[in-house]
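Each remark here refers to the structure printed beneath this line.
The values are calculated or read from the model by the stated rules, or taken from the named source; none is laboratory data. This is a predicted model, so every value here is computed, not measured. Every residue, glycine as well, gets a Cβ built from its backbone with ideal geometry; the counts of neighbours run over all protein chains shown.
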Amino acid sequence: MNPTEYLQADEIGLQRAAELLAQGLCVAFPTETVYGLGADATSPKAVADIYSAKQRPSFNPLIAHLPSAEMAFEQGVFSEDAKALATAFWPGPLTLVVPISATSTVCDLARAGLTSVGLRVPDHPVAKAILEKVALPIAAPSANSSGHVSATSAPHVLEDLNGRIAAVVDGGSTNVGVESTIIDCTGTEPGLLRPGGITREQIEAVLGKKLAHRPPVSAKPMAPGMLTSHYAPLTGVRLNATSFGPREAALLFGKDFQAPDALISFNLSESGDLAEAAGNLFSALRTLDEAGADCIAISPIPNSGLGEAINDRLSRAAADKTA
Ligand code: TXA
Ligand code: MG
């Protein structure tokens, strides 16, 4: 494979990114949540290259990204609830899992053989411009090695994938910082498969009802991607830490806990703002992971609003790595 091209998010860079995608190559680009590793979702060969670049287990289905809700509607069968959510939150950090339509062009491999498809219309000018130019559904998992912390900047993408993908488009740091919320709309009642950038409260307000209960995704999930050990730094992780030792890297939130003795510390949001914390989460995990600590010790984070997505990612990071 040739060296990874580093593209600016200007007209030339965007055009080049679209051209490479149209040729069936893998290109990483920013969305409002995290960087995505995109490839033509209609091409099994292109999709296979995503799996191999990420070293991702092939049973894990990918989200197809479209430039508009109208184009997404062609790919799936939308219930009234699914339509209401699409109308309220697209473009934005929401993925809807719906039954595939007769006109769907997303290939089997991108869906990992399922009869449903995950669809998303991202709200980021760079993602949008690229999707409009290629005019194909683009499969894009997070642009990191499988199981590693998601990438929220172009340099983070290269840390994991340099030399393994055709190009990365540098659109700066992503602002939401956690992945999209995934809602399963294949059954009679919509259910939450993955908490993310749109909160449960926002979704339930639009639906006018509670989201259906879904079994914990680690237990033979509908979303096979929700493997328990995911989003994992290499260092061990300790949750709900209230004191921090000298060999530990401290990840703090708000003002309740301090870590004067820790090897290194990072506060996700001094003021206790969950949106700011989500935006900082993955880059903080990468920084602390590189500090050579015995363990990353994480102070408690409230579970309301975006806290649900943050705590979901942290408990996955801790799975298997409990120090
Ligand atoms: O914010 C995001 O969603 C980012 C950006 C790049 O768009 N993408 C992302 O993709 O997080 P990924 O592949 O890391 O996570 C997608 C999740 C997987 O866990 C997968 O199992 C689930 O979506 N998924 C996709 N299609 C599905 C389907 N048909 N049924 C159930 N789950 C599905
Ligand atoms: Mg991911």
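Here are the numbers for the structure shown:
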item	result
Condition check for residue 153: under 11 Å from residue 31 (Cβ atoms) and either within 16 Å of ligand 2 (Cβ to nearest atom) or at pLDDT 95 or above (or both)	no
Residues that are more than 10 Å from ligand 1 (Cβ to nearest atom), β-branched (Val, Ile, Thr) and outside any loop (DSSP other than H, G, I, E, B), drawn from region 132-152	134
Candidate set: region 34-57, residues that are among the charged types (D, E, K, R) and closer than 12 Å to residue 24 by Cα; chosen: the one modelled with the highest pLDDT	40
Top-ranked residue of region 182-206 - restricted to ones that are assigned to a loop (DSSP other than H, G, I, E, B) and surrounded by fewer than 18 Cβ atoms within 10 Å (Cβ to Cβ), ranked as nearest to ligand 2 (Cβ to nearest atom)	187
Within region 207-221, considering residues that are hydrophobic (A, V, I, L, M, F, W, C) and assigned to a loop (DSSP other than H, G, I, E, B), the one modelled with the lowest pLDDT	219
Pairs with Cβ under 8 Å, 6+ apart, first in region 261-279 and under 20 Å from residue 292 (Cα atoms), second of a type in the set (D, E, K, R)	262/248; 263/247; 263/248; 268/276
Qualifying residue in region 70-78 (condition: in a loop (DSSP other than H, G, I, E, B), touching a Lys or Arg at 6+ places or on another chain (Cβ under 8 Å) and either within 13 Å of ligand 1 (Cβ to nearest atom) or more than 13 Å from residue 42 (Cα to Cα) (or both))	no
Count of residues meeting criterion [farther than 21 Å from residue 159 by Cα and part of a helix (DSSP H, G or I)] in region 279-313	6
Matching strands (runs of 3 or more DSSP E) fully within region 21-67 where at least 3 residues are closer than 15 Å to residue 174 by Cβ, more than 12 Å from ligand 2 (Cβ to nearest atom) and touching a helix residue (DSSP H, G or I) at 6+ places or on another chain (Cβ under 8 Å)	27-30
